[in-house]
Every structure is written in C-alpha cells, then in structure tokens.
Amino acid sequence: MREIKLPILPTTSVGSFPKPDYLLKARNQYAKGLISYSTLYELELKATEEVIKMQEEIGVDILVHGEMERGDMATYFAENLEGFTISGLVRSYGNRYYKKPIVIGKIRRTKPITVDMFKFAQSLTKKPIKGMLTGPYTIADWSFNEYYENKRDLVLELAEIINQEALDLEKAGALFIQIDEPAVPTHPEEINIAKEGFKISTKNLKSFLITHICYGDFRPIWNEVINFPVHQFDLEFTNNADKLYPLIEKYGFPKDKYIAVGVIDVHSHRIESVEEIKARIKEALKYFKPDQIFVDPDCGLKTRTWEEAKAKMENMVKAVNEVREELIKEGYSSEIKIKMEA
Amino acid sequence: MIITVVDHYPKIPNPPREPKLRRAIHAYDQGKITKEDLDRVFDEVTKEVIEEQISAGIELITDGQIRWEDGQSYIGKKLDGIEIGGLFRYFDNNTYYRQPIVIGEIRWKEPIILEDWKKAQEWAKDKPVKAVLTGPYTLARLSRDEYYKDLEKLSKAYTKALVEEVKLLEESKVNYLQLNEPSIQYYPEDFDLFLELYKEFRKIFSGKLAIYTYFHSLIPLKNRLKELPIDILGIDFVSKKENFELLKEFPKNLSLGYGIVDARNTKLETPEQIADLIKRALNYISEDNLYINPSCGLEYLPRERAYEKLLNLSLGVKLVRGDKK
Ligand SMILES: [Zn+2]
C-alpha cells in the first residue's frame, strides 16, 4: 500500500497554460523554418520553468507542466507518431484554426513522446507534476482516417500506444496520470468503443488516474462514463453545472472516486472574485464529501492571457484556502490520504 | 441533376497561399485595421471562394458564409432579444459555436444575409447563388432560452423574425432559399411543430425552398417527409449509411439534396465511386429531382482538399451525364 497525502481540497489545473509571447513568436518562426528546433526547444523549457514557478508562487498543490511544447492536444501526439501526417488548417471556432491529423498508415510509437518534458518539469519542483496524455478515442475522433478499416480498429491501436506512454511516465516517476477524453460525449452511440479503448490505455497502471472530459452532454452516457477505470473525474462544473449536478443528484457519484470540480470559466476574460469561487466550491460540497473534492478550472487555460490565467488561479487558491479553514473549524482533518496499491 | 454545395467553404487557404482573412480578423481585433478594411477582405475572400466553386464545376453555389463565425451567432447578433454567450460544441464536431442567449422578445431589426447574397450573386454573374440561413428549429434548439422558456414559442419567434428576412429575399428575386435544420433529426417527435414553422416560409417564398439536414439520420421521419411544404430536402448519406433506405420511397413531391461526398474526412472519393452512388439514386429518383452535393458544409476540411472533393464530385456527375448520351 502506498499513500498520497494532500491538503484537503487539493488544488490543481486541467493541463494547458497560455504560451508567453516570445514562445508564440518562436513557434511561428519555427513553422516558417526561420529558427532551428533547438532554439525553439530552449524557449519551451524556459516557458515551462515560468509556468512551474507561477504555480508554486500561487500555491497550487498538484502542478501541470503547462504544455508549452504542444499546439493542439490531439495533433501533438499525431505529430510524434508514425502513420500520421498533418493536414492543412481547419477552423475550430471564431478565428481559431488547428492542423488536424490524418491517419495514412499503420500507427507506431518509435520513442516516448511526453516523458522528457515530464522529467524536466518534475526536476523543477518538489510538488507532484501530472503526466498529461490525450485518450485514444479523442485522438481518433479528432483525426481524419484514411487508413484503418473502421474507427474501432483505429481507437484500439492508439489505446495500446497511450498505454505504453503511460507506463513510461510511471517509470519516470509520475504519481498522477491524466488521460483526457473530451470527444467521448460527442458520440454516445460509440461509447463501447471509447470504453474498450480507455481500458486498454490504463491496463497495468498503478498511478492515480484522472480523466478530464469537457464540453459534453453526459446524459446519455453517464452510467458508462462513471465506470471508466480511473480514480478521478475532472469535469467542468462552471459552464456545465446545470447539466452535471442534476445527473449526480439522480444517479449519484461513486463513493470511492474523486472529483476535480471546475470552478473557473476558462472562456471568459473576467476574473471571478474569491467570493464567487467560494460559492462554486460550496455548491460542490452539497454533492460530494469534502475529502472527495479537488479544485481546478473548468478546462485548460491556454486560451487566456498569461495575466488572466495567473489572476484566475490566484483567486481560486485564495478561495480554497478560505473554505479549508472553515472545514477545519467544522472538524475536518487538514489533510486527505489517498491509499494506492503498491 | 444540379451540382451544388451545402453551405460554408473553408475561409483560409494553406501555404503558399496567404491566410489573409485570419490575419485581417486578428488585426481588426487588435484595433490595427478599420471595419472598412476588414469588410474589404471579407469581400475579396468571398469572391475567391465563389471563383473556386465555379472552377470546380459547381452549378448552384453559395457565398461560402465567409462572414459567419458560426451558424447561430451570425444570425443571433443581428436580431433583437438575443445576446451572444459562451462556446458550445457544434453537434459531434471538434468545432464550436457561440450560444445565442434569448433574453427578450426576438425581433428582426436589420437585414441578415440580404446584402451578402446580393453581392455574391453579382460576383457569380450567371451562376445562381443560393441564400442560406440556419432554420428556426435548429436556432431554437441551439439557443439558451431565458425568456420564452418554451421550445414552441421560441421556435415560432425565430420563425417570425426570419420570415421578415425571407420577405426581403423574395423581393430581391432570390430563386433558391435553403434553411439548415440538422436539429430536427434528433427530435423527430417535434415534427408537427416543424411543419407549422415551414408553412410560414412557404406562404411568402415562391422560389425553390430547401431544408438541409446533416450529421444524422432521417429514418425515424421516413413516413412523414412527404408532408414537408418545400421543394428540396438535403440528406447526409455519409454520416449515416442507413439513410440510403430512404431512396426507395423518397417522396415524389420533393427533390433530393444527395449528400454523398464526405465533407468531414479527407479521404478522397473517386469520380467513379461518385458516379456509382448517383446511379443508385437514379433507380428511384428522376434526374430532374436530384441535387448532388457534399454531406455537409466544407469547413471541416482544409481548403485545398475541399476543392479536390468538389472537383471529383463534378467529375462524377459528368461521368453519369456522359454515360447517358
Ligand atoms: Zn477541457
């Protein structure tokens, strides 16, 4: 038995942080062939250091490395796997575009993809860093498929690859591994494929497993999703409170699982006040036990400015600290202990 | 047979061509160019995509909806009673739209697509341009209703507002009007209400009136399609193969918008494959009642691949036409 100790209502974030201007500029120049990869890589490391420092200064409990090296969460993996090529630009909304991967051959992982950056980030802090992966169903759903006979074949192939990557992250010391599957609610009719893929991705893992799912209507698939083999679900309780709480009210939430409650709107420039965030945490306390709850923003912060992301996280941690004090006064322990298999 | 497209066209090309609209919108957001500058780029890009459609062999084109951020907010922001809210996923795509929030009585206050259509038709010269709107039922389903708190009232309010726009389109002699209604497929139980809404459009529009659906299945409404008071019904045969069952008993009073080229995957169909699919439909539906088009709008593809898909689509139609001679 291993035990992870954390302050009650541990704070964390979903994964991405905004890229500093110098990094955006460098990525642009690299894309045009104006600077070398090593120049870009140095700047990615510099930005990662800044993201870690920011989270430490704010006092976050479980850190993320910030995904300075990633453009899009699915495309990044495709760029680093054999069998994919990257398409031209496709619009996702407003004036935002991304390069969508195309599967053109058998997919193979020739080397670990995320391990070096994880190790680097973890070397900068004593706090735990989450290993961040995108789930097989989401990579498949967000790619064009020109090679595999059907979606299930593609998902299962990717699932083995994500599993190898997760095992490598554990070997490198990751205590927390998050596998994001935001595409799952979009095709309720394919929930069995998604579930099968997720099971394969998580086999033989011993770390604390998290999945983040966002922008979705869970109603048709809730009872399937809450049985995914993870310790924690990370869901957007700010933008989707009106859909999620009724589901939890109706079907309940597993007593032995943890919930990361999104309390920050990541799509708005407005900095929520400490009071507002406290109210969102207290709403969550009506549905979950205090020692089940982690607190974070609704989704990745990459679309905010650096200043907005920092201010939002600061207020979030302030709000958590105030609620913690109240909980301790009520007699709760200041710490939670998560028991894990050795 | 008429070769057409569904609605939108990719807004920016890939290198070596310049993504000028993306740059212009960015510059406008940063206050570096004026609204007039941005409008000029919108016009230039609209002209480009009109030319691209025509050169690919499309016979009934659209303006590419170059000015539209998405199907809902472009209309919502021009109506009274609506505020534009947060981002929501658009059906099962990795594409998002800003949700219209209904905060008061919905009222038409200014032309929505009239000027866009007029300009596009002028630039397209002798090629007909269809006027395209998102339909009232889908607008209602994709909105957050804080005012009417009732789907029927909300969709009727949207209808009333859009009818004002359609009156202007009718006056301007628009020959083809299309309303996009993907949402009705997900709630077939609302079909009676849906028919009521479309009777309003039929009363005032004398040209070809089309409803396009995509992403899903129309099988649950199979026996009721003939009641639609319209001329053309667009169906997506790529996302749901079961829709092929509709061919056999497709209502004689309707033309079919036959969506057979996958507008959501880059894998290129060959002209021969397209020709085979057209022949399959011709077993049941007469040539005069067929519009051949992609499965949905083309913005889910990179611009160059969208063009290649259209090229093969029109080559496929030409194979069938040649075969017949
Ligand atoms: Zn998210």
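Overview of values
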read-out: B:V5 β-branched (V, I, T), open to solvent by less than 10 Å² (accessible area, probe 1.4 Å) and more than 14 Å from every other protein chain (Cβ to nearest Cβ); value: yes
read-out: Subset tally (residues that are within 25 Å of A:Y97 (Cα to Cα), at pLDDT 95 or above, among the hydrophobic types (A, V, I, L, M, F, W, C) and not in a loop (DSSP other than H, G, I, E, B)) for region A:1-44; value: 5
read-out: Criterion violated by A:L244 - all others in (1) touching a residue at least 40 places away in the same chain (Cβ under 8 Å); (2) within 16 Å of the ligand (Cβ to nearest atom) satisfied; value: (1)
read-out: Filtered residues of region A:247-271 (kept if within 14 Å of chain B (Cβ to nearest Cβ) and open to solvent by 10 Å² or more (accessible area, probe 1.4 Å)); value: A:D265, A:H267, A:S268, A:H269, A:R270
read-out: Where a residue in region A:213-239 is farther than 23 Å from A:I62 by Cβ and near the ligand (Cβ under 10 Å from one of its atoms) and its partner, wherever it lies, is of a type in the set (S, T, N, Q) and open to solvent by 10 Å² or more (accessible area, probe 1.4 Å), with Cβ under 7 Å and at least six apart; value: A:G216/A:T186
read-out: Residue ID - farthest from the ligand (Cβ to nearest atom), chosen from residues in region A:312-338 that are of a type outside the set (D, E, K, R) and not in a helix (DSSP H, G or I); value: A:G331
read-out: Residue, farthest from A:D180 (Cα to Cα), within region A:134-170, restricted to residues that are within 17 Å of the chain's Cα centre (by Cα) and of a type in the set (F, W, Y); value: A:W142
read-out: Filtered residues of region B:45-91 (kept if farther than 18 Å from B:L114 by Cα and open to solvent by 40 Å² or more (accessible area, probe 1.4 Å)); value: B:E48, B:E51, B:I54, B:S55, B:E59, B:E83, B:I84, B:F88, B:F91
read-out: Those residues of region B:262-276 which are buried (at least 19 other Cβ atoms within 10 Å of the Cβ) and either more than 16 Å from A:E146 (Cβ to Cβ) or more than 14 Å from chain A (Cβ to nearest Cβ) (or both), in sequence order; value: B:I274, B:A275
read-out: Residue in region B:22-35 that is within 9 Å of chain A (Cβ to nearest Cβ) and in a loop (DSSP other than H, G, I, E, B) present; value: no
read-out: Enumeration of residues in region A:297-311 that are part of a helix (DSSP H, G or I) and within 15 Å of the ligand (Cβ to nearest atom); value: A:A309
read-out: Any hit, region A:141-158, residues being of a type in the set (D, E) and within 16 Å of the ligand (Cβ to nearest atom); value: yes
read-out: Qualifying residues in region B:288-308 (those that are open to solvent by less than 10 Å² (accessible area, probe 1.4 Å) and touching an Asp or Glu at 6+ places or on another chain (Cβ under 7 Å)) - the one nearest to the other protein chains (Cβ to nearest Cβ); value: B:G297
read-out: All positions within region A:162-172 that are open to solvent by 10 Å² or more (accessible area, probe 1.4 Å) and out of contact with any helix residue (DSSP H, G or I) (no Cβ under 6 Å at 6 or more places or on another chain); value: A:Q164, A:L167, A:E170, A:K171
read-out: Meets criteria (of a type in the set (F, W, Y), in contact with a helix residue (DSSP H, G or I) (Cβ under 8 Å, 6 or more places away or on another chain) and crowded, with 18+ Cβ neighbours inside 10 Å) for B:F237; value: yes
read-out: Residue in region A:39-49 that is within 14 Å of chain B (Cβ to nearest Cβ) and either at positive phi or acidic (D, E) (or both) present; value: no
read-out: Within region A:223-246, tally of residues that are buried (at least 17 other Cβ atoms within 10 Å of the Cβ), of a type outside the set (G, A, S) and outside any loop (DSSP other than H, G, I, E, B); value: 6
read-out: Selection within region A:173-193 - in a helix (DSSP H, G or I) and either open to solvent by 40 Å² or more (accessible area, probe 1.4 Å) or away from the ligand (no atom under 16 Å from the Cβ) (or both); value: A:P188, A:E189, A:E190, A:I191, A:N192, A:I193
read-out: Considering residues of region A:20-50 that are touching a residue at least 40 places away in the same chain (Cβ under 8 Å) and aliphatic (A, V, I, L, M) only, the residue most open to solvent (accessible area, probe 1.4 Å); value: A:L45
read-out: Identity of the residue in region A:93-127, away from every other protein chain (no Cβ under 14 Å) and open to solvent by less than 30 Å² (accessible area, probe 1.4 Å), that ends up nearest to B:A306 (Cα to Cα); value: A:I107
read-out: Residues located in region A:1-28, provided they are in contact with a strand residue (DSSP E or B) (Cβ under 9 Å, 6 or more places away or on another chain), among the aliphatic types (A, V, I, L, M) and away from the ligand (no atom under 16 Å from the Cβ); value: A:M1, A:I4, A:L6, A:I8, A:L9
read-out: Residue within region B:121-141 that is closer than 22 Å to B:Y187 by Cα and within 14 Å of chain A (Cβ to nearest Cβ) present; value: yes
read-out: The lone exception for A:I210 - which of (1) buried (at least 20 other Cβ atoms within 10 Å of the Cβ); (2) within 13 Å of chain B (Cβ to nearest Cβ) it fails; value: (2)
read-out: Residue in region B:58-67 that is modelled with pLDDT of 95 or more, within 12 Å of chain A (Cβ to nearest Cβ) and closer than 24 Å to B:K208 by Cβ present; value: yes
read-out: Number of the exception - A:V90 against (1) touching a residue at least 24 places away in the same chain (Cβ under 8 Å); (2) within 14 Å of chain B (Cβ to nearest Cβ); value: (1)
read-out: Residue within region A:84-107 that is touching a strand residue (DSSP E or B) at 6+ places or on another chain (Cβ under 7 Å) and part of a loop (DSSP other than H, G, I, E, B) present; value: no
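The values are calculated or read from the model by the stated rules, or taken from the named source; none is laboratory data. Given the structure is predicted, the values throughout are model-derived calculations rather than measurements. Every residue, glycine as well, gets a Cβ built from its backbone with ideal geometry; the counts of neighbours run over all protein chains shown. Only protein heavy atoms, including side chains, enter the accessible area calculation; ligands, DNA and RNA are left aside. Shrake-Rupley method; radii C 1.70, N 1.55, O 1.52, S 1.80 Å.
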